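What follows draws every value from the coordinates through simple rules; no lab data is involved. Because the structure is predicted, anything quoted here is derived from the model rather than measured. All Cβ positions, glycine included, derive from the backbone under ideal geometry; neighbour counts span all protein chains shown.
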Ligand SMILES: [Zn+2]
């Protein structure tokens, strides 16, 4: 059974927000777009595997965790727990021809347009995850063995020079490969397996990729302020009779600032003051900013003169 479903990575919404608020000719747009495309492709590959595993019905008891993040920056695309072993799957969705190199380990991509790009070795990534989970299990006195495999999301990805001893599966064969895996004698009971799954869920440690502007060395004055219309996206809204109005498509709504403030936290920092809010949302006065912030359910920090609102 699946005990953890996949979440959309938060950084996707962050890159989208940053691109929306950067001027059309800003020099960092290309880099951010590339990051966004990579994150979307990664999610697409993982979701394809999730779909292919919908009919997963192996001859052994199991738990599946889709996209689990554990302490020590240990991110696993798919984890399968059984009473005799744990299998970790690392999914790659990088188009074109992929060649593994050793000394040093890397992955080289020849893109469909003939460009060559280098990536961190997914094998190193996979083996690091395997090592971290093995240590974690040891710490928990859990006798399960850990295995791992690299999954290539689409048949159009051509893989070359896979080092010996490394499992690389196409997403289409994962179902069969997992089904065929031999069950050694059970090391833990179904109850202990369930307890282990619950424990891993309870110690999840979500990596916070925000705020993005400092990471890309973008200063606040390069980013556009204002509340964007959720319908026509590009036009900014004005505050009118305690609502937000789009002068372009005439949409009139009350809570358009929610999305804008979420974007503030993703782009700038994890706190905001009423003065910053007034400027960021282009509000006519400080009182309106204070009223809107009070209704956001944010954590309030500091005294009245230096109050900050923080995302919980
Ligand atoms: Zn509009």
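Separation of the stretch 98-158 and the stretch 44-91, taken as the distance between their Cα centroids, equals 15 angstrom. Per-residue packing, averaged as other Cβ atoms within 10 Å, sorts the ranges 11-18, 115-122, 158-165 into the order 11-18, 115-122, 158-165, beginning with the highest.
Projection of the Cα convex hull of the stretch 229-298, averaged over all directions and equal to a quarter of that hull's surface, yields 4.5 nm². Contact order for the stretch 2-202, expressed relative to its length and based on alpha carbon pairs under 8 Å spaced 6+ residues apart, stands at 22 percent. When peptides 123-136, 182-195 are ranked by their average number of other Cβ atoms within 10 Å per residue, the highest-first order is 123-136, 182-195. Under 1.5 on a/c is rounded, so check that first for the stretch 60-155, then, if it is not, pick prolate when a/b is larger than b/c and oblate when it is not; a ≥ b ≥ c are the square roots of the alpha carbon gyration tensor eigenvalues. Verdict is prolate for the stretch 60-155. In the chain, the DSSP-assigned H stretches of four residues or longer account for a calculated mean residue ellipticity at 222 nm of -11000 deg cm²/dmol, using -39500 (n - 2.57) per stretch and the full residue count as denominator.
Remark: the stretch 149-236 is approximated by an ellipsoid whose semi-axes, taken from the C-alpha gyration tensor as √(5λ), come to 43, 24, 16 Å, largest first. Peptides 43-50, 69-76 ranked from most to least packed give 43-50, 69-76, packing being the mean of other C-beta atoms within 10 angstrom over each peptide's residues. Average 1/r across all pairs of distinct alpha carbons in the stretch 136-290, invert it, and you get the Kirkwood radius: 21.3 Å. Principal axis extents of the C-alpha atoms in the stretch 2-202 (largest first, rounded to whole Å): 59, 37, 33.
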